[in-house]
Amino acid sequence: MRTRLSAWMMVLCLCVFCGLAPGVAAQQQQQPQPPTQPIRPDLGPPLADADEARAKIESEMAKKAAKERVAALKSDTDKLLKLSVELKSYVDKSDENVLSLDVIKKAEEIEKLAKSVKDKMKGPN
């Protein structure tokens, strides 16, 4: 009896393993296999990581540009102060009847530099 049961178990296991059992075959046909996507390491990071990296780089570039703009503003305002002091000394040296050509040139230079400072203060927009 025991050998007969073992033989039937073997046959049943073989049928299930090979897909010959009617219930197993029906189950295998009903369950669609999900499509497998090949792993491609050459594609790089996912799109979300690329967007984050781009945003970080843009942020760093904007910070660097802002620092450079502030440094240029400081330099220009120092130069503007120096030119203003020179203009004052030229005006003090002249009298009420004579206005020096140097005074006019210095005033125009100050005007151009002041406009440049004003534009830089407004920012890149």
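We did not get these values from a lab; they are worked out from the coordinates using the rules stated. Because the structure is a prediction, the values reported are computed rather than measured. Heads up, the Cβs are rebuilt from the backbone with ideal geometry, glycines too, and the neighbour counts pull from every protein chain shown.
Radius of gyration over Kirkwood radius for the stretch 46-125, both on Cα atoms: the Rg/Rh ratio is 1.34. Residues GLU108, GLU86, ranked from the fewest to the most other C-beta atoms within 10 Å, line up as GLU108, GLU86.
Annotation: the residues ASP78, ASP102, ASP92, sorted from fewest to most other C-beta atoms within 10 Å of their own C-beta, follow the order ASP92, ASP78, ASP102.
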